[in-house]
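Student: The following block contains the structure, expressed as structure tokens.
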Number of protein chains: 2
Amino acid sequence: MTLVSQASESCADCPIRHRAVCARCEPEELDELDGIKYYRSFEAGQTIIWSGDMMNFVGSVVSGVATLTQTMEDGRTQMVGLLLPSDFVGRPGREGAAYNVVATTDLVMCCFRKKPFEELMARTPHIAVRLLEMTLDELDAAREWMLVLGRKTAREKIASLLSIIARRDASLTSRGQGGPMVFDLPLTREAMADYLGLTLETVSRQMSALKKDGVIHLEGKRHVTVPDIGRLMEEAGDDSDGGFLV
Amino acid sequence: MTLVSQASESCADCPIRHRAVCARCEPEELDELDGIKYYRSFEAGQTIIWSGDMMNFVGSVVSGVATLTQTMEDGRTQMVGLLLPSDFVGRPGREGAAYNVVATTDLVMCCFRKKPFEELMARTPHIAVRLLEMTLDELDAAREWMLVLGRKTAREKIASLLSIIARRDASLTSRGQGGPMVFDLPLTREAMADYLGLTLETVSRQMSALKKDGVIHLEGKRHVTVPDIGRLMEEAGDDSDGGFLV
DNA sequence: CGGCAAATTGAGGGAAATCAATCCAGGTGG
DNA sequence: CCACCTGGATTGATTTCCCTCAATTTGCCG
């Protein structure tokens, strides 16, 4: 069920104002965006966009988590992106959607009809430049993930995913680093498997193994505590103090 | 050995004029680019950029082939991109290089010093828009490759790589489709393995298997004939007549 | 002809997939 | 309140595909 809500929230109060595609906008540019934007809510599990569908809007994730997936005819599925708050959805200058976009939690999107957005983008370089910047970041993330998919073991893959989620979560809640990191997995075991190019059984086994070895603690199936992020990053095969800040 | 050559070739005669980052430029914009560009030649096997190095230039591949690779401390390497004529190298707005760039054939690049290029980009929206377009295409390619790495079998991986090279080669030489496709592999077996997340032995075995099954013909180690591209794409697990034009 | 790097082919082992049987938490209804 | 159901998750047994180690083979250049 798609709901239209929060019809007239101001951009100024927006939680993703400084990270989304509108981050670089001047006040008057923001007013323009404000005029053409609308909010849509999706429930957990709901498909936002079907691959191949006509795309008549683009937008930003305001809250919640969504996944980008590709599927072969025989059903094999690969997740190709994880969309978190402030991430951009849709591709200006292209008609059809290339991937399925599915909400994995309840989710709110800030949408723009594609045509007006493209026209606005042609007039306001701040949006195009910001979008280029975000696209380059996504490209880096995709390439990082190619290394994970192509060359890492199952255990390293799980550790890589956990460390990415842990660090991204920390950058949102911005708690002081050093102490244990605590977060909830936004994905089922099956979704994790689709992200990592594994089966859900292997995901489950490696989660249990990391737990047994004290690399992580689990409460229930989703609640994760990482006592030592450096240890987790070693397990991921990353240089633990390879200090480039994302 | 780095050679500076072709010092004053005109952009108007450039073989990649209509496909590279300058594709959208007006004549006067092109004049500006013409003023700050210079050519560099590299020999097969030569490293163009080391990961982590300071990048003081960006540019386009004019002729030849280069690879983008990522390496783990223990030596495992994953190719994350294949650079063909007209592809862009470097990331505006970032200091250090994220990947190794290696010429796999003799190669010529059209370079711009980074600072002047960035300034020019800020002034001329045609360059920024074109670069966004190219980056989005690369992102699509990277995500397509994630499916290959995460979910395809060794045989499907090889078939996928061959079909991509075959089609891209055909789009350059633009011969009529339907007949057999003939091309030279620009990669060693080891480079293919690094691209596909396999070992070079597995690459060799699967090449032999595809040859035995008549999907491809081989003359020497590099010269490939594809009698039926549809058959090859079936082997790749792609919808053989899934007709979206690249 | 010998020397060398790239490639092929073979034998054996191992990591992850597959097939299958529980387990568990949460929700429903008797 | 407890039995029952359901979907996600865990654990176990077996298989398979690909990796590893190792021996040739091929093509090329001096």
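The values are calculated or read from the model by the stated rules, or taken from the named source; none is laboratory data. Model, not experiment: these values are computed from the prediction. Here Cβ is always computed from backbone atoms with ideal geometry, including for glycine, and neighbour counts include all displayed protein chains. Please note that ligands, DNA and RNA were not included when accessible areas were found on the heavy atoms of the full protein model with its side chains. Shrake-Rupley method; radii C 1.70, N 1.55, O 1.52, S 1.80 Å.
Student: If I take R0 = 60 Å and measure r between the Cβ atoms of B:Lys212 and A:Arg123 in this structure, what FRET efficiency does the formula 1/(1 + (r/R0)^6) give, to the nearest 0.05?
Tutor: Efficiency computed from Cβ-Cβ geometry: 0.55.
Student: I've got another one for you. Taking each residue of B:233-239 in turn, how many C-beta atoms of other protein chains fall within 10 Å of its C-beta, and what is the average?
Tutor: 1
Student: Still on this structure, please answer the following. Roughly how many nanometres apart are two label points built 7 Å out from the Cα toward the Cβ at A:Arg17 and A:Ser171?
Tutor: In this crude spin-label approximation the distance works out to 2.1 nm.
Student: Follow-up. Going out from 0 in 10 Å bins, what whole percent of all Cα-Cα distances in the protein assembly as shown drops into each bin?
Tutor: 4, 18, 27, 28, 18, 5, 0
Student: Based on Cβ point charges of +1 for Lys and Arg and -1 for Asp and Glu, what charge dipole magnitude is obtained for segment A:3-146 about its Cα centre, in debye rounded to the nearest 20?
Tutor: 180 debye
Student: Taking each residue in A:147-158, count the Cβ atoms of any other chain within 10 Å of its Cβ, then average. What number comes out?
Tutor: If you average over the peptide's residues, the count of other-chain Cβ atoms is 5.
Student: Sticking with this structure for a sec: Given segment A:150-196, report the % of alpha carbon pairs whose separation exceeds 16 Å.
Tutor: The proportion of pairs with Cα distances above 16 Å equals 43 percent.
Student: Quick one: P(r) of chain A from all Cα-Cα pairs, 5 Å bins, percents rounded to integers, in order of increasing distance.
Tutor: Distribution as computed: 1, 6, 12, 17, 18, 16, 13, 9, 6, 2, 0, 0 percent.
Student: Let me know the volume per residue of the alpha-carbon convex hull for segment B:153-235, in Å³.
Tutor: Each residue corresponds to 82 Å³ of Cα convex hull volume.
Student: Here is a follow-up. How large is log10 I(q)/I(0) at q = 0.15, 0.16, 0.18 Å⁻¹ when the Debye formula is applied to the Cα atoms of segment B:11-146, each weighted equally and without solvent?
Tutor: -0.73, -0.83, -1.06
Student: Spin-label point model (7 Å from Cα, Cβ direction): what's the A:Arg205 to A:Asp228 distance in nm?
Tutor: So the label points at A:Arg205 and A:Asp228 sit 2.6 nm apart.
Student: Can you give the calculated 222 nm mean residue ellipticity of chain A, where each DSSP H run of n ≥ 4 adds -39,500 (n - 2.57) and the sum is split over every residue, rounded to the nearest 500 deg cm²/dmol?
Tutor: Mean residue ellipticity, 222 nm, calculated: -12500 deg cm²/dmol.
Student: Using a cut-off of under 15 Å, list every residue of segment B:109-134 whose amide N is near the label point 7 Å from the Cα of B:Asp53 along the Cα-to-beta-carbon line.
Tutor: B:109-114, by backbone N distance to the label point.
Student: Taking H placed 1.01 Å from N in the peptide plane, check which residues at least 5 places from A:Ser63 or on another chain put their amide H under 5 Å from its amide H.
Tutor: Under 5 Å from the amide H of A:Ser63 lie the amide H atoms of A:Val108, each far enough along the sequence or on another chain.
Student: What list of ³J(HN,Hα) couplings, whole Hz, do you get for segment B:148-160 from phi and the Karplus terms 6.51, -1.76, 1.60, once you set θ to phi - 60° and write x for glycine and proline?
Tutor: So the Karplus estimates, Gly and Pro as x, are 4, 5, x, 10, 9, 6, 4, 5, 5, 4, 4, 4, 4 Hz.
Student: Which lysines, if any, have their Cα less than 16 Å from the Cα of A:Lys212, not counting same-chain residues under 8 positions apart?
Tutor: Within the straight-line limit of under 16 Å, A:Lys212 reaches these lysines: A:Lys221.
Student: Which whole-percent values make up P(r) of segment A:1-90 when all C-alpha to C-alpha distances are grouped in 5 Å steps starting at zero?
Tutor: 3, 11, 20, 25, 17, 12, 7, 3, 2, 0
Student: Across peptide A:17-30, how many C-beta atoms of other chains are within 10 Å of each residue C-beta, on average?
Tutor: 0
Student: Another question, if that's okay. Do you know the relative contact order of chain A, to the nearest whole percent, from alpha carbon pairs under 8 angstrom that are 6+ apart?
Tutor: Value for chain A: 18 percent.
Student: Still on this structure: Can you give the net charge of the other residues whose Cβ lies under 15 Å from the Cβ of A:His217, counting K and R as +1 and D and E as -1?
Tutor: Net local charge, A:His217 excluded: 0.
Student: Amide H neighbours of A:Asn100 under 5 Å, counting only residues 5+ apart in sequence or on other chains, H built in-plane at 1.01 Å?
Tutor: Close amide H contacts, sequence-distant or interchain: A:Ser51, A:Thr69.
Student: Just want the answer: with Cβ charges of +1 for Lys and Arg and -1 for Asp and Glu, which residue in B:Gly214, B:Tyr195, B:Phe183 is farthest toward the dipole's positive end in segment B:171-220?
Tutor: Most positive-ward Cα: B:Gly214.
Student: So which residues in segment A:107-142 end up with at least 30 square angstrom less accessible surface once the other protein chains are there, compared with the chain by itself, probe 1.4 angstrom?
Tutor: In segment A:107-142, residues shielded by partner chains: A:Leu132, A:Thr135, A:Leu136, A:Glu138, A:Leu139, A:Asp140, A:Ala142.
Student: Determine the gain in length on full extension of the stretch A:Thr71-A:Glu219; use 0.36 nm per residue of separation and subtract their C-alpha separation, reporting nm with one decimal.
Tutor: Gain on extension, A:Thr71 to A:Glu219, equals 50.1 nm.
Student: Continuing with this model, one more query. Sorted by accessible area (1.4 Å probe), largest first, how do A:Glu235, B:Glu43 line up?
Tutor: Order by accessible area, largest first: B:Glu43, A:Glu235.
Student: Then there's this: Please give the total accessible area that chains B and A bury against each other, computed with a 1.4 Å probe and expressed in Å² to the nearest 100.
Tutor: What B and A bury together is about 3900 Å².
Student: In whole Hz, with x marking every Gly and Pro, tabulate ³J(HN,Hα) for segment B:201-217 from phi via Karplus 6.51 cos²θ - 1.76 cosθ + 1.60, θ = phi - 60°.
Tutor: Once rounded to whole Hz, the list reads 5, 5, 4, 4, 4, 6, 4, 4, 5, 5, 5, 4, 7, x, 6, 9, 10.
Student: With the full set of protein chains in place, find how many percent of the accessible area of chain A is carbon and sulfur; take the probe as 1.4 Å.
Tutor: Ligands and nucleic acids excluded, carbon and sulfur reach 52 percent.
Student: Follow-up question, since we're still on this one. What is the ratio of the Cα radius of gyration of segment B:100-244 to 2.2 N^0.38 Å, where N is its residue count, to two decimals?
Tutor: Dividing the Cα Rg of segment B:100-244 by 2.2 N^0.38 Å gives 1.22.
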